[in-house]
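K.L.:
Once you've had a glance at the structure underneath, I'll fire off some questions.
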Amino acid sequence: MSVHIQDETLSFEEAMEKYDPVLGFEVHVELNTNTKMFSDAPNVFGDEPNTNVTPVCLGMPGVLPVVNKTAVEYSILIGLALNCKIAESCTFARKQYFYPDTPKNFQTSQYEDPIAYDGYLDIELEDGTVFRVEIERAHMEEDAGKLTHMGGAAGRIQGADFSLVDYNRSGVPLVEIVTKPIEGAGSRAPELAKAYVAAVREIVKNLGVSDAKMERGNVRCDANVSLRPHGQEKFGTRSETKNVNSLRAVERAVRFEIQRHAAVLESGNKIVQETRHWHEDTRSTTSGRPKSDADDYRYFPEPDLVPVVTTPEWIEELRSRLPEPPAERRKRLQADWGYSDAEFRDVVNAGVMDSIEETIAAGASAQVARKWWMGEVSRRAKEAEVEPTEVGVSPALIVELDRLIQAGKINDKLARQVLDGVLAGEGTPEEVIEARGLAVVSDDGPLLEAIDAALAAQPDVADKIRGGKVQAVGAIVGGVMKATRGQADAGRVRELILERLGVQG
Amino acid sequence: MNELITSSAAALADKLAAGEVSAVEVTQAHLDRISEVDSAVNAFLHVNTDEALQVAADVDKARAAGEKLHTLAGVPIAIKDLIVTKGQPTTAGSKMLEGWMSPYDATVITRIRAARMPMLGKTNLDEFAMGSSTEHSAFGPTRNPWDLDRIPGGSGGGSAAAVAAFEAPLALGTDTGGSIRQPAAVTGSVGVKPTYGGVSRYGAIAMASSLDQIGPVSRTVLDAALLQEVIGGHDPRDSTSLPDPVGNLVEAARNGNVAGMRIGVIKELQGEGYEAGVLARFSESLELLKDAGAEIVEVSCPNFKYALGAYYLIMPSEASSNLAKYDGVRYGLRALPADGPMTIERVMGATRAAGFGDEVKRRIILGTYALSAGYYDAYYGSAQKVRTLIQRDFDAAFAQADVLISPTSPNTAFKLGEKLDDPLAMYLNDVATIPANMAGVPGISIPGGLADGLPVGIQFLAPVREDARLYRAGAALEGLLEQKWGGPLLASAPVLGGVK
Amino acid sequence: MSEINREAVAHLAHLAHIEMTEDELAKMAGELDVIVDSIKSVSEVAGEDIPATSHPIPLFNVFREDVVGQTLTNEEALSGAPDNAAGRFKVPAILDEE
């Protein structure tokens, strides 16, 4: 097993003092069609290996591909949403390389004439500035099967004794979106990288053409980075970092590559044009082995498929199916939810807008949804260093917890413990409450005893309340909560105290 | 010989329909003939005895029960072993697929099953259909029934020999540059390459996708038409399948007639390089056609001289890609490297080294070269332009003529081993058949007589989708020649096996 | 003569994943050299104004509706595999690392 050598890096600030980064992205989007790109096998994730396959998916002798019309339409929709031109006529091509996850040892893709080209996407950064990313092309292709490396270090290709191949994913429709070189982002390059990929993910999700789950590989990003000294026109040599499969990783990988490139250039060496692999555990990239055929894919027109020809009528019909663009959608949601600009921006930046929308749809109020996603869930995400959506909290769970709070069964503090239990797999919220004995003390008898004790312990405060200083009730509530070890419903305690003292709340 | 094996498919179909013979009797007669002569001919790689007899028995039962059956129900057929079949091995004539059983049927096989034709077995071929002599089969050469020391043509030498040796009344072939027509020519049988897209390629192991076409092999023009109507027609599993049928072929074959037909003699497909005996038979056919009322015109296709070169760029290019899938991972042979690291890449390399024969390797390397960086435009790109020029030549020729005519092959069957070490000489066998594949036009080869005791083929070509014209012209010439000879050419073939 | 020599064939054989011995490389180079020489003429007639033909019969927009069809069972999928394990195709290590 090879020894992993950590590359030298320069600090990001030092890198920025001397160099301008130029970025480029290839984002692969898996479409959520019923069937695969060229075969009528089901496009389903997570089934038993090698069951969602036809002879076509396995590249058996004699098979032929037939294009999935829905996949073509989804690709055009993506092109339109990226403000691209749609090709009047385009063809498929074979990209040839040998790899065991590629059943024909060529990938059916597009080469000279992609279905969509010359588009752009306006990316809003955290502070509200808008950066235009130009799209070179979006083309149709097919996914490969899945390799599992066995023996050696867990799941890694290095040191594996053998590998197992599952072709269930083989032939799943992909759209590859390629940007033009992105210049001028400066020190905001990492932020822009994350925002760009987030925007693409949002668009394809909003279109309904992809499940858009990065953790499942529905959206995968290869990030190209190069540096050039300030004032230089010519691009530097680029590296292409693969396997960057979360938004956070995109940002970190771009930042790391900028720092690594800067260190190489500073030491007077040259950047090697190569594929790099991103490792989330070490937060660094390593050099990929050069693919044996990397320099010669021997593309040629796919003779088993005929051209796709689009008519203006077809494109306009598809355009009419486009949903509300994300930017407009954001405006509408902010108004609907009544969030301030600052609140809404925080929600968007935290990546929880969709979650909040789903939570509201599931029955929570806009304020409750925000409280949970921006509070407890975000806190846990930060602790675990994952995205809030990856914590494991579903909109339905939040609605359920809120219902239990409203019903007075638990309070906010207990709700957090209930959440611990649910996330630990202890069952439903109700089951966790039962098992952990977390229900608030709702029998007024013991509460009244505790209230009387608290009032007796602080007679001056009791007098103040009787005299109309209702806000002083907090001190008594605190005493009661302490006495009941937090298991009382603070709201109910307050009511009972005021009732006891004959004061209107 | 048993009359059941010398009968045409059409005659057998009539006898079966009339209840004069049973499908089991017909099938058994052919299986008997195979056991009798195939050790000498080696047309079959696999004989499908049990299933064939079962299908035949089912046909007899169904007929007895009064079920409406397809015309060819109970008429046996042999299948070129490039076409995948469930329940029978499919090898493509290669060690790479030795022992492999397809889990699915080719579309043409599904249609043959639907017509309830007993499949006698799988026939020999040049490995992955690459060759013109069937000597490139990994399982030994097939021999020409007219002279067992000679080649039966290729790549479909097995299908042609099986039909010519009366082992099967019908067979399926595939034609990429002449692999149906040239074997038909040198064995005295009939072979048709339909219009590209006229018969589904789904389940035909691909050599060159834009050139490959499945078609019928038979002893009469009518039989070929009957079979093409079974296997032809649109298939949604083949994106290059024509959406509409190509016309009424059987009717055309039953009404062979050239009166008033303009027949174009292709200037470039005769003369130098063609054997004198071949040209003599060709001239005789032209005379007969003229006497029957055809108008013979000369047409020029100046770009045909580039067809062979362009073909030997396009075919290997596509083949190099189509054959990449044979790598020892999913099916077929896996060979391990003799030494050094046992990585998947090296196992693939060793598998392909051990599984492919020399001609296949030659074409894969040639195709890899033609597609590689820096050469694509000069080679593959140029060849595709030549393809346009050949199409234009055909367009111009068909403006002057309804059908075109030429010898199918420049020579008769040569001796086994004669051209094995000279790939270029071997490639020249297809010089007259290749233009049709380049342009997608249909072609037929029918027996045109003997030269030095060996069959000569006459080829008709028609515009795309006009397969019916081939059958009309082919049936007419067949009738004229048989009238002249006093019977079918194959009646004069040497007797193999038992007493005639 | 053409550019096909032993080194070129070695590179092509590598691209095509066919292991070849020195003898095979030399023999193949000789044969291909002759073949390529004889077919070179195609590049001379292919003028820039001539369009390329990739399909003999022009068709377009041949599509399939997005409806699930018959799949193979796992047993059928693996039936021809040289080696398999756990319902998957088993292949030797991808990288050479001792």
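K.L.:
Apply the Karplus parameterisation 6.51 cos²θ - 1.76 cosθ + 1.60, with θ equal to phi minus 60°, to every residue of segment A:239-253 and state each ³J(HN,Hα) to the nearest whole Hz, in sequence, with x for glycine and proline.
P.N.:
Along segment A:239-253, the couplings run 10, 10, 9, 9, 6, 9, 10, 8, 4, 4, 5, 4, 4, 5, 5 Hz.
K.L.:
Within 10 Å of each Cβ in peptide B:370-381, how many partner chain Cβ atoms are there on average? Round it to a whole number, please.
P.N.:
Mean partner shielding for this stretch: 5.
K.L.:
A:PHE45 to A:GLU280: FRET efficiency via 1/(1 + (r/R0)^6), r the Cβ-Cβ distance, R0 22 Å, to the nearest 0.05?
P.N.:
Plugging the Cβ-Cβ distance into 1/(1 + (r/R0)^6) gives 0.60.
K.L.:
Now a separate question. Let me spell out the model: positive unit charges on the Cβ of Lys and Arg, negative unit charges on the Cβ of Asp and Glu, origin at the Cα centre of segment A:1-78. What dipole size does that give, in debye rounded to 20?
P.N.:
Rounded to the nearest 20 debye, it is 620 debye.
K.L.:
Sticking with this structure for a sec: Please list, ordered by chain and number, the residues whose modelled amide H lies under 5 Å from the amide H of B:LEU170; skip anything fewer than 5 residues away on the same chain.
P.N.:
B:ALA78
K.L.:
Further, regarding this structure: With the Cα gyration tensor of segment A:73-164 giving a ≥ b ≥ c as the square roots of its eigenvalues, does the rule (a/c under 1.5 for rounded; else a/b larger than b/c for prolate; else oblate) give rounded, prolate or oblate?
P.N.:
Note, shape of segment A:73-164 comes out oblate.
K.L.:
In what sequence do B:TYR312, A:TYR297 fall when counting other Cβ within 10 Å, fewest first?
P.N.:
A:TYR297, B:TYR312
K.L.:
Let me ask you something else. Please list, ordered by chain and number, the residues whose modelled amide H lies under 5 Å from the amide H of B:GLY457; skip anything fewer than 5 residues away on the same chain.
P.N.:
B:THR408, B:SER409, B:GLY448
K.L.:
Sort A:THR70, B:THR142 by Cβ crowding within 10 Å, fewest neighbours at the top.
P.N.:
In increasing order of surrounding Cβ atoms, one gets A:THR70, B:THR142.
K.L.:
Ordered by packing density, taken as the mean number of other Cβ atoms within 10 Å over each peptide's residues, highest first, how do C:71-82, A:376-387 rank?
P.N.:
Those peptides, ordered most packed to least, come out C:71-82, A:376-387.
K.L.:
Could you tell me which of rounded, prolate or oblate describes the protein assembly as shown, using a ≥ b ≥ c as the square roots of the eigenvalues of the alpha-carbon gyration tensor, with rounded for a/c under 1.5 and, failing that, prolate when a/b is larger than b/c and oblate otherwise?
P.N.:
It comes out prolate by the Cα gyration axes.
K.L.:
Here's a follow-up. Looking at chain B, what % of its DSSP beta bridges pair antiparallel, to the nearest 5?
P.N.:
In chain B, approximately 65 percent of DSSP beta bridges are antiparallel ones.
K.L.:
Then there is this: Would you mind ranking A:TRP314, A:TRP278 so that the residue whose beta carbon has the fewest other beta carbons within 10 Å leads the list?
P.N.:
Ascending number of Cβ neighbours within 10 Å: A:TRP314, A:TRP278.
K.L.:
Beyond 21 Å between alpha-carbons counts as too far, so tell me which of B:LYS267/B:LYS290; B:LYS95/B:LYS361; B:LYS267/B:LYS415 fall in that bin.
P.N.:
Too far apart for the 21 Å limit: B:LYS267/B:LYS415.
K.L.:
Taking the Cβ of B:ARG143 as the centre, find all other residues whose Cβ is under 12 Å away and add up their charges (Lys, Arg: +1; Asp, Glu: -1).
P.N.:
-2
K.L.:
Under a 5 Å amide H to amide H cut-off, with H placed in plane at 1.01 Å, what residues pair with A:LEU227 once short-range neighbours are removed?
P.N.:
Those lying under 5 Å, H to H, from A:LEU227 are A:VAL22, A:GLY236, A:THR237.
K.L.:
Here's another thing I want to ask about it. Roughly how crowded by other chains is peptide A:64-75, in terms of the mean Cβ count from those chains within 10 Å of each of its Cβ atoms?
P.N.:
5
K.L.:
Name the residue from A:HIS279, B:THR85, A:ALA342 whose Cα lies farthest towards the positive end of the charge dipole of the protein assembly as shown, charges +1 on Cβ of Lys and Arg and -1 on Cβ of Asp and Glu.
P.N.:
The Cα lying farthest towards the positive end belongs to A:ALA342.
K.L.:
While we're on this one: May I ask which residue of A:ASN68, A:TYR19, A:ALA462 lies farthest towards the positive end of the charge dipole of chain A, with charges of +1 (Lys, Arg) and -1 (Asp, Glu) on Cβ and the Cα centre as origin?
P.N.:
In chain A, that residue is A:ALA462.
K.L.:
What does the charge dipole of segment A:372-445 about its Cα centre add up to, to the nearest 20 debye, if the Cβ of each Lys and Arg holds +1 and the Cβ of each Asp and Glu holds -1?
P.N.:
180 debye
K.L.:
Show me A:98-104, A:156-162 ranked by packing, highest mean number of other Cβ atoms within 10 Å first.
P.N.:
A:98-104, A:156-162
K.L.:
Step through the residues of segment B:480-487 one at a time and calculate ³J(HN,Hα) from phi using the Karplus curve (6.51 cos²θ - 1.76 cosθ + 1.60, θ = phi - 60°), rounding each to whole Hz and writing x for Gly and Pro.
P.N.:
Going residue by residue, I get 4, 5, 5, 4, 5, 7, x, x Hz, with x marking Gly and Pro.
K.L.:
Sticking with the crude label model, points 7 Å out along Cα→Cβ, report the distance from C:GLU75 to C:ALA10 in nm, one decimal please.
P.N.:
Label-label distance for C:GLU75 and C:ALA10, simple model: 4.9 nm.
K.L.:
Let me ask something additional. Please get the size of the charge dipole for segment B:219-296, origin at its Cα centre, with Cβ charges of +1 on Lys and Arg and -1 on Asp and Glu, quoted in debye to the nearest 20.
P.N.:
Value, rounded to 20: 100 debye.
K.L.:
Rounded if a/c is under 1.5, else prolate if a/b beats b/c, else oblate: with a ≥ b ≥ c from the C-alpha gyration tensor eigenvalues square-rooted, which is chain C?
P.N.:
It comes out oblate by the Cα gyration axes.
K.L.:
Rounded to the nearest 5, what % of the DSSP beta bridges within the protein assembly as shown are antiparallel ones?
P.N.:
Counting only bridges with both partners in the protein assembly as shown, antiparallel ones make up about 80 percent.
K.L.:
Now, a different point. Of A:ASN218, A:LEU448, B:VAL495, whose Cα points farthest to the positive end of the dipole of the protein assembly as shown (charges on the beta-carbon: +1 Lys, Arg; -1 Asp, Glu; origin at the Cα centre)?
P.N.:
About the Cα centre, the residue reaching furthest to the positive side is A:LEU448.
K.L.:
Kindly flag which residue pairs out of A:LYS371/A:LYS413; A:LYS95/B:LYS325; A:LYS18/A:LYS234; A:LYS69/B:LYS325; A:LYS104/A:LYS146; A:LYS146/A:LYS242 have an alpha-carbon separation exceeding 18 Å in this structure.
P.N.:
Distance filter (> 18 Å) returns A:LYS69/B:LYS325.
K.L.:
In peptide A:38-44, what is the residue-averaged number of other protein chain Cβ atoms found within 10 Å of each Cβ?
P.N.:
For peptide A:38-44, the averaged partner shielding equals 4.
Computed from the coordinates by the stated procedures, all read-outs in this text should not be read as laboratory data. These figures come from a predicted structure and were not determined experimentally. Positions of Cβ are backbone-derived with ideal geometry, glycine not excepted, and every protein chain shown enters the neighbour counts.
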